[in-house]
Amino acid sequence: MIKIATIDLYNNERNEGMRCIKEIVSEAQVRNNETEITYEVFDTRFKGEVPGIENDIFISSGGPGSPFEGEGTQWEKDYFNLIQKIWDYNQNNPERKKYLFFICHSFQMMGRFFKFGTVNQRHSKSFGVMPFNLTKEGKSDNLMKELSNPFYAADIRQFQVIEPDKKILKELGAKILSYEIVDDNEKAQPALAAVRISEEIVGTQFHPEADPDSMLYHFKQDERKKQVVEKYGEERYFEMIKILERPDTIKKTRKTVIPSFLNYAIDELTTVMSNK
């Protein structure tokens, strides 16, 4: 049996992310129908539910607001404690590892935990279907090598991870896989968009789980539309909606990143089990 746990950091806010994650896991269950794969959601930020180390694969979701909002709370202490347990377990169990994927808000929490960059508020809110650059390491990474460069993904955030600490990245053996592409009129350094901590632990600032339906849900919100139109203009707003339907943009990212993470983790876990 392989146990997959999703860590829900949406704080009881209505969202499309959890639906998308569940659908991707369901697809992985169908692809690997010879393996018993269970799936459970833990409402960590709102109810304080934290999965145990007995799970094999963890997906930590996006969420609203600041990654510092939970400082000092019990759920955050338990959340960071779980990350530490997973890290320690992997250092001491070379045969069967634990796998962990961080998304958006969780990516910022990952930045705080591993301290590989500065986590702060973005110069302006980001919302829409945005292009991202792959680094040399990203172009060959198992999760992203099938993507174009640049590639498109859903980007919804007020915070960011910038100023990568090369010393800590080297100590961890971590690799930067992607950066955001900053608009010409925004005089700011590009934020980190994807970082691999180890073969088992990786995260993305963007939302790789997002599909066209989830983004159309956001685009129809008056506040979101106003935000995009004020920042980029109405033409860019409708252009983003058109981009959603292109098979080489958000659909490609949705079919590639997390499915590749799950396929790799499940393959590694089943190989270990079959060798016993």
Starting from the Cα-Cα distance between Q221 and D165, subtract it from 0.36 nm times their residue separation and give me the gain in nm to one decimal.
16.4 nm
Loop by DSSP (not H, G, I, E, B), at most 10 other beta-carbon atoms within 10 Å: where is the longest site-free stretch of the chain for GluC sites (Glu not before Pro)?
96-276
Give me a comma-separated list of calculated 3J(HN,Hα) values for the range 147-153, in order, Karplus coefficients 6.51, -1.76, 1.60 applied at θ = phi - 60°, integers in Hz, x for any Gly or Pro.
7, 6, 9, x, 10, 10, 7
Quick check: pseudo-label points 7 Å beyond the Cα along Cα→Cβ at S26 and E54, how many nm apart are they?
2.7
For the range 32-142, what relative contact order do you get, as a whole percent, if you take Cα pairs closer than 8 Å and at least 6 residues apart?
27
Within the range 115-140, list the residues whose amide N lies under 18 Å from a label point set 7 Å along Cα→Cβ of V229.
127-129
Provide, as a two-decimal number, the C-alpha radius of gyration of the range 123-181 over 2.2 N^0.38 Å, N being how many residues it has.
1.23
About its Cα centre, the range 75-157 carries a charge dipole, from +1 on Lys and Arg Cβ atoms and -1 on Asp and Glu Cβ atoms, whose size in debye to the nearest 20 is 140
The chain: D in µm²/s via Stokes-Einstein (Kirkwood Rh, Cα pairs, 37 °C, 0.692 mPa s)?
173
Semi-axes a, b, c in Å (a largest) for the range 126-276, each sqrt of 5 times a Cα gyration tensor eigenvalue, come to 30, 20, 12
Length gain on complete extension for the stretch S148 to N93, per 0.36 nm per residue less the alpha carbon to alpha carbon distance?
16.3 nm
At R14 and K47, where each label point lies 7 Å from the Cα along Cα→Cβ, what is the point-to-point distance in nanometres?
2.0
Per DSSP, the loop-located trypsin sites (Lys or Arg not before Pro) within the range 210-267 having at most 12 other beta carbons within 10 Å are K220
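Coordinate-derived values only; no laboratory data. From a predicted model like this one, the values you see are computed outputs, not experimental measurements. No Cβ is skipped: glycine too gets one built from the backbone with ideal geometry, and neighbour counts run over all protein chains shown.
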